[in-house]
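The values are calculated or read from the model by the stated rules, or taken from the named source; none is laboratory data. It should be emphasised that the depicted structure is a prediction, and the values quoted were computed from it without experimental measurement. Heads up, the Cβs are rebuilt from the backbone with ideal geometry, glycines too, and the neighbour counts pull from every protein chain shown. Note: areas computed on protein heavy atoms with side chains; ligands, DNA, RNA excluded. Shrake-Rupley method; radii C 1.70, N 1.55, O 1.52, S 1.80 Å.
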Amino acid sequence: MSSSDTIFSSDFSEQRWADQISENFDNDFEVNVSDIPVSVFSVPKAISAFKPEAYMPQVVALGPYHHFRTELYDMERYKVAAVQSFLNSRQISNFQSLLIDKLKQLAPTIRACYHKYLDLDDNTLAWIIALDGLFLLDLLHAYSDSVTGKKMTQNSILCRDIVILENQFPVILLKEIRKTLQLVVLDKNDYDLALYNMLRAFCEEHSPLRLGVTSENPADTKINPLHILDLMYFSILNTRIAKAVPQESPSTEADVAVQPETNNQDHLILNLRDIMDVTLNLGIGGRALRPLQVINNLPWEKIYNLLGLKTDNAVDETNTPVVEEISIPSVTFLSNVAGVDFKPTGGIQDIEFNEKEATLYLPVITLNGITEVFLRNLVAYEAAISNSSLELAQYVDLISGIIDTVEDATILIEKGIIKGELTSTEIANLFNGMNKSSGNAGTRTIDKINNYLNKKPKVIVYRFWQNKVYDSWRALTVLSTILLLLLLFLQSFCDVYGCKRFFGSTN
């Protein structure tokens, strides 16, 4: 069995799995792992295929999924240094007995947080959780310091890695680390709220969309997020689902790489050239080969392009799937043709198209160099949890659908809907690369816009004229293509036979 067909890397791993399952049976009486929500998911290939690097950490691994990747391991020395500066001498000297042994006892709980099987022994897993957890706590503490926090926000790559879905660190483990090392001495409500405030400060600093208002009263505040991405997601939605569990895996068909089609036309040309070489080697040539020379001399690459066929040179070597967007006109069309105005509103739940005012209300979004990674991982997390309404995915589909060109982005910037440091060109490129992620489910806003356009006389006339002109141009394109093919064939014929007797010239 190949390594790609199994979750194990060796026979020893299989024995370790059996030992872990056996241990879980014994520990289930002490810790009911079924009550621990799965919170750290792996990103399905159907989602990551469009831009795999957006779902992979670049600098730091948090948790076991990417911990031993070669390109990230250089960060380990900085993790250890950060942890040592974060702890006092007593905690460092008793680190094994204080924390590692405790985390080893909690191994079933740790494993229950992760969607994938963790092919690690309990001791290795405990050290990973201890180092990465304390490193993350040290980073989060910086956000409670106005000076240090400001420096942290400038490290965009590190902040980017903290929100990667596969890099999420369960809050339940952060709480356990803080409690075990007695990092603070507060009652439970203040203790949980202190950690929540650090997580919330990070989200407020980096969320591309407005977050919901929270209460200072612990009883009224949702102070039990599963991890940072979970808190940011539900704060954007202003709601909270009690439990996150994995959905059914996407269809395996979506994970199968698209195989390039065999180019039969190229095979034909290669065969003709082989035939000519063989006949020349046999001493057969002259007039018998002239028809084959005519075919061989035709500019086949131009002919393929005219007919819309791909040559081998034009095949996308990355096999990147084609980005699909929802069916909705662009901002420029809505503004110039349909007379629709755009105004900023609160959050994504406040998105609305007011038909009487002919106004589309959209939330303000702040864009910078790492916003795309935030949006992609938030949408991936939304797709992974159960009972999700896909509200964020529908918003991303909407904004991606109406932004097609630089002009579209410029209009939304002028309306105060898009803010941040990205240029109009960068904004257009960002959203044109976002694939439709909410499936076939339309939204009420999109339906209202399309219904409004279908009743607008100016839009009806514009579309009628555009369709007629487009069809005419298609017909002209076909005719011109046929004419050009005939001329190319005639040129190839004249190169072989000469056309002086037909046209009175050899040029």
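Rolling a 1.4 Å probe over the protein heavy atoms of segment 80-146, with every protein chain left in place, gives an accessible area that is 52 percent carbon and sulfur. Our coupling estimate for segment 351-365, obtained by passing each phi through the Karplus curve with A = 6.51, B = -1.76, C = 1.60 and θ = phi - 60°, is 4, 7, 10, 8, 5, 5, 8, 6, 10, 9, 8, 10, x, 6, 10 Hz, Gly and Pro reported as x. In the context of the full protein assembly, Thr332 retains an accessible surface of approximately 40 Å², using a probe radius of 1.4 Å and ignoring ligands and nucleic acids. Counting only the backbone N, which residues of segment 43-82 are under 11 Å from the spot 7 Å out from the Cα of Asp138 toward its beta-carbon? So the set is 76-82.
Under conditions of 4 °C and 1.567 mPa s, segment 328-457 yields 86 µm² s⁻¹ as its translational diffusion coefficient, taking Rh as the Kirkwood radius over Cα pairs in the Stokes-Einstein equation.
In sequence order, segment 376-393 has phi-based couplings of 4, 6, 5, 5, 5, 5, 4, 6, 7, 8, 7, 6, 7, 8, 6, 5, 5, 4 Hz under the Karplus curve 6.51 cos²θ - 1.76 cosθ + 1.60, θ = phi - 60°, and Gly or Pro positions carry x. Starting at 0 and stepping by 5 Å, how many percent of the alpha carbon pairs of segment 28-92 end up in each bin? In whole percents, the pair-distance histogram is 3, 13, 14, 15, 15, 14, 15, 8, 2, 1. The amide H of Leu367, built 1.01 Å from its N in the peptide plane, has Lys419, Gly420, Glu421, Leu422 as neighbours under 5 Å, considering only residues 5 or more places off or on other chains. Computed with a 1.4 Å probe over protein heavy atoms only, the accessible surface of segment 32-136 comes to 43 Å² per residue. Amide H to amide H, with H built 1.01 Å from N, Glu352 comes under 5 Å of Tyr361, counting only residues 5 or more places away or on other chains. Relative contact order for segment 345-394: 28 percent, from Cα pairs under 8 Å spaced at least 6 residues apart, divided by residue count. Put simply, the amide H of Thr345, placed in the peptide plane, has neighbours under 5 Å in Leu362, Val364, leaving out anything fewer than 5 places away on its chain.
Lys458 to Asn432: FRET efficiency via 1/(1 + (r/R0)^6), r the Cβ-Cβ distance, R0 45 Å, to the nearest 0.05?
0.95
Going by accessible surface with a 1.4 Å probe and the largest first, Tyr117, Tyr395, Tyr78 read Tyr78, Tyr117, Tyr395.
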